[in-house]
Amino acid sequence: MEKSRSASDQKSDALEVGNGSEFKVHVFSSSSELIEKLHEKWSSVKKQPYPAMYSSIFGGIILDPAMMVIPIDDHMVHRGHGVFDTAIILDGYLYELDVHLDRFLRSASKAKISSPFPRSALRSILVQLSAASQCKKGTLRYWLSTGPGDFLLSPAGCSTSAFYAVVIDDDFCQCKEGVKVITSTIPMKSAQFARMKNVNYLPNVLSKMEAEEKGAYASIWVDEEGYIAEGPNVNVAFINHDKELLLPFFDKILSGCTVKRLMELVHKLVEQGRLRGMRTANLTVEEAKGAAEMMFVGSTLPVLPIIMWDEQPIGNGKVGELTMELSNLLWEDMVAGPETQRIPVPYV
Ligand SMILES: Cc1ncc(COP(=O)(O)O)c(C=O)c1O
């Protein structure tokens, strides 16, 4: 019996069978023909989702989506030798850009990628790119790559590293609905690779897909010793029955900028007597599943309540009260926090 085939297998079969031997690959005769075709594609899109991109290869900001490309011989493309980070733009301010930029450069150093520019220039490019995009609400994503040069493994032939960034229009808002999660069966990355934000996100993608296939939002990674780690692109946090905020240790996972900020803000709830305290801990699956409240924490959420895990309710199975108070703390910081956290975008 024939094994079940993926949708993409079937699509490529259809292309071959449907056109038979007459199928001939088009050869573009000129770059203007190609660009025309790309413009045709983008002109059918209602709203351009990427208002601006920066590329150190081009040496400037690109506003034409058809030209937002990176070279195929860039080692980030074919070897995964690149790191990235994201900051959000909210109400015309860049939130926590400096913290994200610091993590970005730490990741680059762990991946042995040297930046083509000093930190101050990278920061200035990101601010100018945000201004050129005219985007008031969205995400700013950026990459450092060992650069283009050849298709070998060693980056020795890459004469200069590359910096790319793009602004993405995104109408995110504070998450208020609870979601379901499952325990991931996809092995998590080793600490060395989980702690740097490199572009090798295949385990993360498969873990997210596994959750979606099972009707859940995302998966929870458990480390080899049986302790809770993180989600595929988010940190995870718990409230126990003593009203303590519990966070897994950061030694094997990505140090999330959002959860780190939450740790700075949490004293407000402690002072009001709403929370008893906060600590990092090794949490077993049993302890974690027995928590009163559970949540994901990450840049655009900023807190996403979790109400069900492996079909078992967390606490009373409803969105946790303290979860929402933590969410409000972060959201207020994002929309009206101190100037150190929010950099105004100098739109022209
Ligand atoms: C694996 C992983 N863990 C945690 C996070 C949360 O980090 P942040 O709060 O900086 O978005 C992310 C997102 O960048 C991630 O990719």
Out of Ser114, Ser120, Ser130, Ser124, report the one residue that is hydroxyl-bearing (Ser, Thr, Tyr), more than 13 Å from the ligand (Cβ to nearest atom), more than 25 Å from Asp170 (Cβ to Cβ) and assigned to a helix (DSSP H, G or I). Ser120
For region 290-323, enumerate the residues that are aliphatic (A, V, I, L, M) and either over 20 Å from Gly178 (Cα atoms) or within 22 Å of the chain's Cα centre (by Cα) (or both). Met294, Met295, Val297, Leu301, Val303, Leu304, Ile306
When you check Ser109 against the structure, is it of a type in the set (Ser, Thr, Tyr) and within 20 Å of Ile57 (Cβ to Cβ), yes or no? no
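Of the residues Met308, Met294, Met324, which is assigned by TED's automatic domain parsing to the domain that holds Lys252, within 16 Å of the ligand (Cβ to nearest atom) and not hydroxyl-bearing (Ser, Thr, Tyr)?
That would be Met294, the only listed residue that is assigned by TED's automatic domain parsing to the domain that holds Lys252, within 16 Å of the ligand (Cβ to nearest atom) and not hydroxyl-bearing (Ser, Thr, Tyr).
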Quick one: how many residues across region 217-251 are surrounded by fewer than 24 Cβ atoms within 10 Å (Cβ to Cβ), more than 11 Å from the ligand (Cβ to nearest atom) and more than 22 Å from Glu321 (Cα to Cα)? 8
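Let me confirm something: among Ile70, Ile61, Ile89, Ile35, which residue is in a loop (DSSP other than H, G, I, E, B) and either hydrophobic (A, V, I, L, M, F, W, C) or under 23 Å from Val127 (Cβ atoms) (or both)?
Ile70
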The lone condition Asp98 fails out of (1) touching a Ser or Thr at 6+ places or on another chain (Cβ under 9 Å); (2) crowded, with 16+ Cβ neighbours inside 10 Å; (3) part of a helix (DSSP H, G or I) is (2)
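The values are calculated or read from the model by the stated rules, or taken from the named source; none is laboratory data. Quick caveat, the model's predicted, so the values are computed rather than measured. No Cβ is skipped: glycine too gets one built from the backbone with ideal geometry, and neighbour counts run over all protein chains shown.
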